[in-house]
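Before I ask anything, here is the structure I am working with.
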Amino acid sequence: MGYTVIIKGMARTTPPEPPADADQLPPGLDVLWRRRDRGQRGPKPGLTVEAIVEAAIGLADEGGFEAVSMASVARRLGFTPMSLYRYVTSKDELLALMWNGSAQGAESLQLTGEGWRARLREWAVIQRDMLDRHPWLTQMPMAAPPMAPNSLAFVERGLEALDDAELSDRDRLRVIGLISSYTLSEARMADDARRATRASGAERPADFGELLRLLVDEATYPRLHRIAWSGQSGGSDERQAFLEGLDIILDGVQAAIDRNASQR
């Protein structure tokens with residue numbers, strides 16, 4: 001189950017205490033959870049993990065995911081690539097640190113909506129807003145749920161939003177994963193459309209309804225034809241379409257809650 005756990009940038013305080021068995025963490029997680037001494041091979045004055053992560057995020061914001069490499073980060077900071085390896089052992093580790101850095105402030109996030117639905121909707125919108133500000137996040141490889149401190153803090157806030165919902169813990173976790181996966185997918189498609197539009201020189205992304213009207217005939221595709229000519233194909237307002245899809249997911253969560261209540 002994949003999670004995209006990113007929120008509006010806020011100041012990060014002292015990282016949380018790591019779990020007692022954190023010494024057994026795989027490479028990458030040990031540095032995220034402050035269980036590995038960083039820069040112990042002769043640290044360079046003025047160079048820190050935080051500075052490296054900030055520079056990498058800046059490069060990604062300006063030039064996309066492909067703009068980030070150990071060499072490009074080193075150039076931005078005015079150091080050699082080998083200097084960075086005293087603090088970050090690989091690009092994969094740097095990417096994990098960037099993901100965690102994008103979620104700064106998760107431990108202090110407060111959701112203000114009334115009831116589980118309003119709070120969870122707010123939680124999803126916060127994710128989507130950050131993805132739109134940092135679209136390179138949608139291009140990052142994600143073979144497993146992010147396990148960094150800030151990521152888990154944001155998952156905790158999502159679970160907290162469901163405190164008054166009649167759901168098992170297992171179902172709450174599934175809901176968080178489903179909404180996160182949906183948010184990531186929608187943000188990635190929106191970014192891919194923007195990138196394709198820029199590459200083609202077009203003024204705006206192709207409209208799904210317009211393309212359907214050009215491609216489908218009523219005899220072969222009667223349902224798609226009806227949708228295309230009814231004006232209900234989604235239109236060009238991607239943000240509104242995202243929110244409508246989110247509401248459908250939340251309707252499903254409400255149906256699960258109602259089913260659980262009827263079985264009591």
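The values are calculated or read from the model by the stated rules, or taken from the named source; none is laboratory data. Not measured: the values here are computed from a predicted model. Reconstructed Cβ throughout: ideal geometry from the backbone, glycine too, with neighbour counts over all protein chains shown.
Give me the residue from segment 97-107 that is at pLDDT 80 or above and outside any loop (DSSP other than H, G, I, E, B) and, out of that set, nearest to Ala153 (Cα to Cα).
Asn100
Counting just the residues of segment 159-184 that are free of Cβ contacts under 8 Å to residues at least 40 places away in the same chain and closer than 21 Å to Gln110 by Cα, which one comes out surrounded by the fewest Cβ atoms within 10 Å (Cβ to Cβ)?
Asp169
Looking for something in a loop (DSSP other than H, G, I, E, B), touching a Phe, Trp or Tyr at 6+ places or on another chain (Cβ under 6 Å), surrounded by fewer than 19 Cβ atoms within 10 Å (Cβ to Cβ) and modelled with pLDDT of 65 or more - is there at least one such residue anywhere in segment 30-42?
Within segment 30-42 (the criterion being in a loop (DSSP other than H, G, I, E, B), touching a Phe, Trp or Tyr at 6+ places or on another chain (Cβ under 6 Å), surrounded by fewer than 19 Cβ atoms within 10 Å (Cβ to Cβ) and modelled with pLDDT of 65 or more), the answer is no, since none of the residues qualifies.
Which residues, counting only those in segment 205-264, are acidic (Asp, Glu) and under 30 Å from Arg174 (Cβ atoms)?
Asp237, Glu238, Glu244, Asp247, Asp251, Asp258
Could you grab me the full set of residues in segment 80-106 that are within 24 Å of the chain's Cα centre (by Cα) and of a type in the set (A, V, I, L, M, F, W, C)?
Matches in segment 80-106: Val88, Leu94, Leu95, Ala96, Leu97, Met98, Trp99, Ala103, Ala106.
In addition: Which of the residues belonging to segment 219-240 are without any contact (Cβ under 8 Å) to a residue 40 or more places away in the chain and surrounded by 12 or more Cβ atoms within 10 Å (Cβ to Cβ)?
Correct list: Tyr221, Leu224, His225, Arg226, Ile227, Ala228, Trp229, Ser233, Gly234, Gly235, Ser236, Arg239.
What residue, of Arg223, Arg264, is modelled with pLDDT under 85 and either of a type in the set (D, E, K, R) or part of a helix (DSSP H, G or I) (or both)?
Result of the check over Arg223, Arg264: Arg264.
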